[in-house]
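Everything below concerns the one structure shown next.
What follows draws every value from the coordinates through simple rules; no lab data is involved. Note that the structure is a prediction, hence the values are computed from the model and not measured. Positions of Cβ are backbone-derived with ideal geometry, glycine not excepted, and every protein chain shown enters the neighbour counts.
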Amino acid sequence: MRKAPYYILSTILFCILQISNLFAQTEVVKHKIAIFAPLYLDSAFDNNDEYRYARNVFPKFINPGMEFYEGAQLALDSLNKENAPLEVFIYDTRSSKETLTDQLSNSELNGVELIIAHCSSAELKAFGSRAA
């Protein structure tokens, strides 16, 4: 059951690759993709960028976001082997420094063709507003 999101993500990214090959031009156009995941990087690292937990301890609340990111990375690695022209942006939806609303209004997202997100139902409205 856990492999289903990875399969869906791989399929979506593969479709982008096929579309880009179909409309291939002499000029390479990079497709912009934004990936949003609850990575909790602020919780895992202190102000000195030191890992807060013991080497053999990994907090369970970080797992879902890391597994989502890992699946996205596997798909991106496969597309990279196919020389897919992609520009990918990764956002931590649980960042204490920047809210989700701030992240979605970031100028980097201008021209993004695909947003892939691990989000709650409460966050879905913010993503829908950005896509509209």
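Kindly flag which residue pairs out of Lys32/Lys97; Lys30/Lys97; Lys30/Lys81; Lys30/Lys60 have an alpha-carbon separation exceeding 26 Å in this structure. The pairs that break the limit, which is 26 Å between Cα atoms, are Lys30/Lys97; Lys30/Lys60. Once you list every other residue whose beta carbon is under 10 Å from the beta carbon of Gly65, what net charge do they have if Lys and Arg are +1 and Asp and Glu are -1? Once positives and negatives cancel, what remains is -2. Stretching Ser107 away from Met66 to a fully extended chain increases their span by 12.2 nm, per 0.36 nm per residue minus the current alpha-carbon distance.
The distance separating the Cα centre of the stretch 52-71 from that of the stretch 84-114 comes to 21 Å. The amide H of Ala117, built 1.01 Å from its N in the peptide plane, has Phe36 as neighbours under 5 Å, considering only residues 5 or more places off or on other chains.
For the stretch 26-68, a/c is not less than 1.5, where a ≥ b ≥ c are the root eigenvalues of the C-alpha gyration tensor, and a/b tops b/c. That puts it in the prolate class.
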